[in-house]
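Read the structure below first, then the notes.
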Amino acid sequence: MHRKQLLRILVCLVVLALVASAIDPHDRTTWLLEILPAAILLPALIYSHQRFALSSLLYLLLATQALGLIAGGHYSFARVPLGFWLQDWLELSRNPYDRLGHFIQGVVPALIARELLLRNGHALGRHLLPFVCVCMAMTLSAVYELVEWGAALALGQGAEEFLGMQGDQWDTQADMFCALLGALTAMTILVPLHNRSMAAINKPNRVRSDVQGETAIR
C-alpha cells in the first residue's frame, strides 16, 4: 500500500472513531479530556506530513494510540470491553486497558524520538541513542501524570473516571512502569522493523545513510 494511501485510511479511521465516540459517551467530561490529545495531534500530523513525513510504522502506531484514547474516552478506561475480556482471560483483579494505553505511550514517543534523531543526522551511538529515547518517553509519561494530577485537582470527585485508578493507590507508578516497558520494547524488539520502515520513506538515500551510520557505530 502506498504511504499516502495508508495515511488517508488512518486519518479516516480516526475521524470516524472520534465522531462515533461522541455519541452517548459514558461521561462527557471524561470523553473530552481523553480525546483531546488525538484531536490536537491529528491536524498537526496532517500539516507536518508535507514538511517531514514520518515512517509508516509510526503512523500506524500513532493511529493505534489515538483509537485507544478514543475508546477510553467513550467508555472510560475502566469500562472498555476489550479490557474486561483481557481481565477474564488473564484472571486479573482489574480492567487492564489503561495499562495497555500507557505501554503504547512508552512505545510511540520513544520511536518518534529515535526517528527524529536518526533522520536529522544525530547518531548518538549504540547505547546513548536508546537511552535518550527512553528518557524522552519517560519525560512525556511524567508530564502526562502531572496533567492527570492537575485534572484531579480541578475536577474533584469527577476525576475518578478520567484517572481510571480503580482503587489502586499505586496507579501512577504502575502507569509509568508500563510506559517504561513500552519504551524498552521499542528500543529492542521494534528497532529492526523501525529501520526498514524508515528506509522506505521517499528519500531513501538519506534514511539508509542514517540507519547505516547507527549500524556502523554498533
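The values are calculated or read from the model by the stated rules, or taken from the named source; none is laboratory data. Keep in mind it's a predicted model, so treat the numbers as computed, not measured. Counting neighbours? That spans all protein chains shown, and the Cβs are built from the backbone with ideal geometry, glycine included.
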Legend entry - Scan of region 2-24 for residues that are touching a helix residue (DSSP H, G or I) at 6+ places or on another chain (Cβ under 9 Å), surrounded by fewer than 18 Cβ atoms within 10 Å (Cβ to Cβ) and closer than 18 Å to G72 by Cβ, ordered by number: L13, V15, A20, A22, I23, D24
Inset, instruction - Mind telling me which of the residues I46, I70, I40 ends up being in contact with a helix residue (DSSP H, G or I) (Cβ under 7 Å, 6 or more places away or on another chain), exposed (fewer than 13 other Cβ atoms within 10 Å of the Cβ) and in a helix (DSSP H, G or I)? - result: I46
Inset, instruction - Just one of (1) modelled with pLDDT under 90; (2) closer than 25 Å to T188 by Cβ; (3) crowded, with 21+ Cβ neighbours inside 10 Å trips up S76, so point out which. - result: (2)
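Here is a yes/no grid of residues against (1) under 15 Å from the mean Cα position of the chain (by Cα); (2) at pLDDT 95 or above:
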{"site": "V80", "(1), (2)": "no, no"}
{"site": "L92", "(1), (2)": "no, no"}
{"site": "D98", "(1), (2)": "yes, no"}
{"site": "V108", "(1), (2)": "yes, yes"}
{"site": "N120", "(1), (2)": "no, no"}
{"site": "G125", "(1), (2)": "no, no"}
{"site": "L128", "(1), (2)": "no, no"}
Legend entry - Matching residues, region 10-53, being under 27 Å from L118 (Cα atoms) and among the hydrophobic types (A, V, I, L, M, F, W, C): L10, V11, A38, I40, L41, L42, A44, L45, I46, F52, A53
Inset, instruction - Residues being assigned to a helix (DSSP H, G or I) and surrounded by fewer than 21 Cβ atoms within 10 Å (Cβ to Cβ): count how many of those fall in region 84-101. - result: 8
Legend entry - Selection count where residues are at pLDDT 65 or above and polar (S, T, N, Q), scope region 142-174: 3
Inset, instruction - Scan region 44-85 for residues that are within 25 Å of T30 (Cα to Cα) and either in contact with a strand residue (DSSP E or B) (Cβ under 6 Å, 6 or more places away or on another chain) or charged (D, E, K, R) (or both) and jot them down. - result: R79
Legend entry - Enumeration of residues in region 102-130 that are in contact (Cβ under 8 Å) with a residue 12 or more places away in the chain, hydrophobic (A, V, I, L, M, F, W, C) and outside any helix (DSSP H, G or I): A123
Inset, instruction - For L57, indicate whether it is touching a Leu at 6+ places or on another chain (Cβ under 7 Å) and either assigned to a helix (DSSP H, G or I) or surrounded by fewer than 14 Cβ atoms within 10 Å (Cβ to Cβ) (or both). - result: yes
Legend entry - Identity of the residue in region 180-218, among the charged types (D, E, K, R) and within 30 Å of Y144 (Cβ to Cβ), that ends up modelled with the highest pLDDT: R196
Inset, instruction - Please tell me if T64 is of a type outside the set (G, A, S), part of a helix (DSSP H, G or I) and closer than 23 Å to A179 by Cβ. - result: yes
